Amino acid sequence: MNAVYDPHAIETQAQEHWNEHDSFRASETDEGDKYYCLGMFPYPSGQLHMGHVRNYTLTDVINRYHRLKGFNVMQPMGWDAFGLPAENAAIKNGIPPASWTKDNIAYMRGQMQRLGFGIDWSREFATCDPEYYRWEQWLFLKLFEKGLVYRKNSVVNWDPVDQTVLANEQVENGRGWRSGAVVERREMAQWFMKITEYAEELREELDQMSGWPESVKSMQRNWIGRSQGVEIDFPINGGTDGQDTLTVFTTRPDTLLGATYVAVAAQHPLALLAAESDSDVSAFVEVCKKATTAEADLATMEKAGIATSATVTHPLTGESLPVWVANFVLMEYGSGAVMSVPGHDQRDWEFARKYDIPIVQVIEPIADEQCDITTAAFVEHGNVINSGEFDGLDFDGAVDAIARALEAKGAGRRVTNYRLRDWGVSRQRYWGCPIPMIHCEACGVVPVPEADLPVVLPTEVKFEGVQSPLVTMDSFLNVDCPSCGKVARRETDTFDTFVESSWYYARFACPDADTLMVDERARIWAPVDFYVGGIEHAILHLLYARFFYKLMRDENLVAGNEPFHKLLMLGMVLQGGKKMSKSSGDAGDPQKLLDRYGADAVRTAVIFAAPPDQSFEWSEAGLEGASRFLRKIWNLVDQFITAGPTPKFDRSKLSDGAQAVRRKAHETLKKADDDFGRRIQFNTVVSGVMELCNEIGKLKIVDDNDRGAIGEAIRIALIAISPIAPHIAHSLWSSLGETEALIDVRWPKVDESALQQTSVKMVVQVNGKVRGNIEVAADADKEHILGVAKAEHNVVKHIDGKEIVKEIVVPNKLVNVVVR
């Protein structure tokens, strides 16, 4: 063994051993229960950042620990390769996205291998591989057959610079999240998946998902947003082309008699009709097209609107109510219209005050609550007033009675609504999976025949501006209609990249399957036992992945209902109190750190910095500390080996010091087992091994029998630290003369007898201040402990001649004598 710790040399040797023995190749036939821990796969942006390093180090630690525990572990890796960054880089640099992506993957794969992650690279794929995206095209066609896929005109957020549709969450202060351009509201034909058909199942099963953080489940519940209420039809006075009623949904039908106006979205047919003949309405609609649609912004922005000449009839009173166009109503939510009750909704109240619309009170408090609708809306439940036959009813009674009255008139119905909307999967960009549909002038929209899949995305392309080259590429566009044989054209929209990331975890089980989306191996490995990733994916990615798993289940492809048993949402890596990010140029370059300190130091520093679910401030000072710790382990083992081979030892003949070290070793082993397996607190494993090494280093070895116990303690330290710093542990384990590689050993059993103490050290306090230390038998009773404590020479000086008021003994810890 080299006396000097050389991380680069030992890391190269360890990785060569793992590669030579194919140590991380997973097989369904290997012994042990399966264990599948997966880190959310990365976008191949060019290089890893510190967030990646943390994510995949934590995943690797979990998988290595479970391997030590005898599980049959699978740890795959792939690449979430489609998306705007590759396309924008191609436009900027004049290279095809496929080439840019391929080069980035090669570099990032090398960085991951340098970090020593125990990945089964035989399962690697990128989502831009036709062999992969072929199967999401196949599933899309199956859903189309079932009526779970449809195409319709929809009002969307359009980024005029990136030339694509953006989700509401990608619009920040009215601008595109990447381009910064002012977003426009456009009506476009879009493809949708009916995730709403699974809304109730997605919501209900959250209650059974005990392995998920409550905060994430709460976010998903709110996103799905189940609410029960009444749909109400307001007849449109005079009617309009094809529309005689305006339908709204409300959870407060008890306030129906307080409605003084209705508000519609700027893209609602009533608003667009009014805009045709009213220039002021037309101008307001144009302004709304450029406004934000993010809910957080809607809640705080100034409410604005404009009256139209249209009116509707109140379904119970027959009164005429004006129709307003309002900026707080979105076409994509509900029917794009709301019943406005300013007396009992604060948003409606603010709008009504601004535009001098009547405010009517129809609910009064039950108890001593304050209610003055001249100063604010009263939004609590109460008793109905000013509502004719419904006066005096409480909330439940009024809801039931008013719903029955509407149903009797055919003007309303009780419904359950969801905040969740169908998933718009169309994107007007090139670098994505082609949507497998064909447009024929004679037949309409026709699915691509299954035998013709995959519809392959051309990779040798040239960009002219930001427009998708597919739009003008005749070799891609022109195709015969599979129904009538006439010349037709392919769909040029591509899938939202969330589609690719919604099922990759199942494909890892069988990446070479060529006759099915996933084969029987998916039933062995899926669901994923432990899924690891950033909190920013708590809603959309995880919700879509859950949805896709149910779609695959319904195609009889996977077992169970949910894709992930346990979920670990990581805290952020911060610098200067802000999240490190590649876009802001401060994501950290792990390559420089690897070159300087080695992989084990980087891994140890990242793990030791904070528990996985907590954010932490990144500092290279942590790497210096990690490097010193690893050198200390190396030197400790080197000194031990230099003294000779490890002898066997007799536990009954160990010196007191050796017994104490052995007890510390098995305490460390027991706690590390709990920290790795139950608590998921890996930083305390590092600190525990540090403490154990300190105890080993301080021990004055009496004889070879003591050396035998120290050899056991060193081996325990190496096993405990090996999931975190696997290279140095591998090398030192071999240097100790072990013939079986550490990666192949099993987690040792704790010797409970070693944990038993014959004596304990206790602190002695007088009036709460430490005055001495004592050592007593572990089974000593309270009276004996107090006697020894009060006889300690420094304690005697502080209690002599004083009255003892109280005596407190905390077993195995301290004694406190209270005097006056």
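The values are calculated or read from the model by the stated rules, or taken from the named source; none is laboratory data. Just so we're clear, the structure is a prediction, and the values are computed from it rather than from any experiment. Here Cβ is always computed from backbone atoms with ideal geometry, including for glycine, and neighbour counts include all displayed protein chains. These accessible areas exclude ligands, DNA and RNA; they are computed on the full protein's heavy atoms, side chains included. Shrake-Rupley method; radii C 1.70, N 1.55, O 1.52, S 1.80 Å.
To the nearest 10 degrees, how steep is helix 621-642 against the longest Cα principal axis of the chain, on a 0 to 90 scale? On a 0 to 90 degree scale, this one is about 30.
Principal semi-axes of the equivalent ellipsoid, √(5λ) from the alpha carbon gyration tensor of region 408-484, are 36, 19, 12 Å from largest down. For region 505-565, the solvent-accessible area works out to 30 Å² per residue, with a probe of 1.4 Å and every protein chain left in place. Database remark: amide H of V425 closer than 5 angstrom to the amide H of W191, F192, M193 (H placed geometrically; neighbours at sequence offset of 5 or more, or on other chains; Pro and chain starts carry no H).
Could you work out the local net charge near G444, counting Lys and Arg as +1, Asp and Glu as -1, over the other residues with Cβ closer than 14 Å to its Cβ?
Neighbour charge sum, excluding G444 itself: +2.
With N counted as the residues of region 640-771, its alpha-carbon radius of gyration over 2.2 N^0.38 Å works out to 1.14.
Other residues within the sphere of radius under 10 Å centred on the Cβ of R67, judged by their own Cβ, net out at +2 (K and R +1, D and E -1). Heavy atoms of the protein chains alone define the surface here; on that basis region 335-481 has 48 Å² accessible area per residue at 1.4 Å probe size.
Estimate the FRET efficiency between E332 and E775 by the formula 1/(1 + (r/R0)^6), using the beta-carbon distance for r and 56 Å for R0, to the nearest 0.05.
The pair E332/E775 has a calculated efficiency of 0.15.
Any idea what log10 I(q)/I(0) is at q = 0.10, 0.14, 0.15, 0.21 Å⁻¹ for region 210-359, Debye with uniform C-alpha scatterers and no solvent? Ignoring solvent entirely, the Cα scatterers give -0.37, -0.70, -0.79, -1.45.
Largest first, the extents of the alpha carbon coordinates of region 501-568 on the three principal axes equal 35, 19, 18 Å. Projecting label points 7 angstrom from Cα along Cα→Cβ for V4 and Q346 puts them 6.8 nm apart.
The C-alpha atoms of region 354-417 occupy a region whose extents along the principal axes are 36, 32, 26 Å, arranged from largest to smallest. By definition, a body whose alpha carbon gyration tensor gives a ≥ b ≥ c is prolate when a/c is 1.5 or more and a/b is larger than b/c, and region 281-392 fits this prolate description.
Between region 603-641 and region 1-76, the C-alpha centres lie 18 angstrom from each other. Just check region 602-704 against the gyration tensor rule for me: Cα atoms, a ≥ b ≥ c as the square roots of the eigenvalues, rounded for a/c under 1.5, and otherwise prolate or oblate depending on whether a/b exceeds b/c. Verdict is oblate for region 602-704.
Counting every alpha-carbon pair across region 88-195, the share separated by more than 25 Å comes to 50%. Considering helices alone, the calculated mean residue ellipticity of the chain at 222 nm is -11000 deg cm²/dmol, with DSSP H runs of length four and up weighted by -39500 (n - 2.57) and normalised per residue. By the Kirkwood approach, averaging reciprocal distances over each pair of separate Cα atoms, region 117-272 gets a hydrodynamic radius of 20.5 Å. Computed from the alpha carbon positions, the gyration tensor of the chain leads to an equivalent ellipsoid with semi-axes of 61, 40, 22 Å, biggest first. Rg and Dmax of region 722-776, based on Cα coordinates, read 20.4, 57 Å. Contact order for region 26-74, expressed relative to its length and based on alpha carbon pairs under 8 Å spaced 6+ residues apart, stands at 63 percent. The residues of region 146-226 present an accessible area of 46 Å² per residue when probed at 1.4 Å with all protein chains retained.
Per residue, the Cα convex hull of region 465-506 amounts to 110 Å³. Here's the list of lysines a cross-link from K653 could span, going by alpha-carbon distance under 21 Å and ignoring same-chain residues fewer than 8 apart: K664, K698, K700.
What's the carbon and sulfur percent of the chain's accessible surface, probe 1.4 angstrom, rounded to a whole number?
Its accessible area is 48 percent carbon and sulfur atoms.
The Cβ shell under 10 Å around S179 holds other residues with a net charge of 0, Lys and Arg each +1, Asp and Glu each -1.
Entry for region 234-289 at q = 0.17, 0.18, 0.24 Å⁻¹: log10 I(q)/I(0) = -0.67, -0.73, -1.03, Debye formula applied to identical alpha-carbon scatterers, no solvent contribution.
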